[in-house]
Amino acid sequence: MSRRYCEQCGYPETACVCTAVSTIYPGSQLLVLQHPSEVEHAKNSVRLLQLAVPDTRVIVGETEADFAELRAELATDSMPTFLLYPSDNSQLLQADDSSEAVRLILLDGTWRKTLKMYRLNPWLQALPQRHLPLAAPTAYRIRKANRSDSLSTLEAAAAALSQLEPGLDVAPMYALLAELVEQRLRRMPAKVRERY
């Protein structure tokens, strides 16, 4: 018997998060470049991000050729664009980065995969780069990361929007993530849950 999916949130009906969805519409634009291996990943936070911030745009790819159309589009656009990525060239993201509407590009994937995306795309390296201030540890406990400063893409987007738009209530983003994490933990066998 095939699994039934919720038509609204896209998750299996047994994992529906619709009751926790509350949408927000920031002035900043979110553009996620998603590694192909993340698209079908069950613990992918970009799907949640799109539920919380419906204007989020997601482009799947890895190489420069994958993003050729986007690069052409950005070349004709005057909106200030920042890559949110903690590189050697990045500066701290601050509220004064947003005196006008800005576009934030986020890379979605494991650290290893996003580093590869960054290296394969010199046009990303040429963008002004920003990183987030040190934050609390990730609340996305159901997905392991080997860096202590790891955040899910949804958490990074929420933290960035809080910096750029201090008056924006990003609590709905965190609430949606908390709902998904709680559901996943509840369904895990007790012995597995202890590891999280």
Assuming a ≥ b ≥ c are the square roots of the Cα gyration tensor eigenvalues, decide whether region 18-138 counts as rounded (a/c under 1.5), prolate (otherwise, with a/b larger than b/c) or oblate.
-> rounded
Search the structure for amide H atoms under 5 Å from the amide H of Asp108, placed 1.01 Å from N in the peptide plane, and list their residues when 5 or more places away or on another chain.
-> Leu33, Gln34, His35
Please label the shape of region 30-91 as rounded, prolate or oblate, based on the square roots a ≥ b ≥ c of the eigenvalues of the alpha-carbon gyration tensor (a/c under 1.5 means rounded; beyond that, a/b larger than b/c means prolate, else oblate).
-> rounded
Taking placed amide H atoms and a strict 5 Å upper bound, the residues 5 or more places from Gln29 or on another chain that come that close are Val102, Arg103, Leu104
By its C-alpha gyration tensor, with a ≥ b ≥ c as the square roots of the eigenvalues, how is region 12-66 shaped: rounded for a/c under 1.5, else prolate for a/b larger than b/c, else oblate?
-> oblate
What length, rounded to one decimal in nm, is gained on full extension from Ser87 through to Glu182, with 0.36 nm per residue of separation minus their alpha-carbon distance?
-> 31.0 nm
Where labels lie 7 Å past Cα in the beta-carbon direction, separation of Asp55 and Ser22 in nm | 2.0 nm
Select from region 53-108 those GluC sites (Glu not before Pro) which occupy a DSSP coil region and have at most 15 other Cβ atoms within 10 Å, ordered by residue number.
-> Glu64, Glu100
Ranked order, His35, His131 - accessible area, probe 1.4 Å, largest first | His131, His35
The ³J(HN,Hα) series, computed from each phi in region 113-123 with the Karplus coefficients 6.51, -1.76 and 1.60 at θ = phi - 60°, rounded to the nearest Hz and given as x for glycine or proline, is 6, 6, 5, 5, 4, 4, 5, 7, 10, x, 5
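The values are calculated or read from the model by the stated rules, or taken from the named source; none is laboratory data. On a predicted model such as this, the values are computed, not experimentally measured, just so you know. With ideal geometry, Cβ positions are generated from the backbone for all residues, glycine too; neighbour counts draw on all protein chains shown. Protein only, heavy atoms only, side chains kept; ligands, DNA and RNA dropped before computing areas. Shrake-Rupley method; radii C 1.70, N 1.55, O 1.52, S 1.80 Å.
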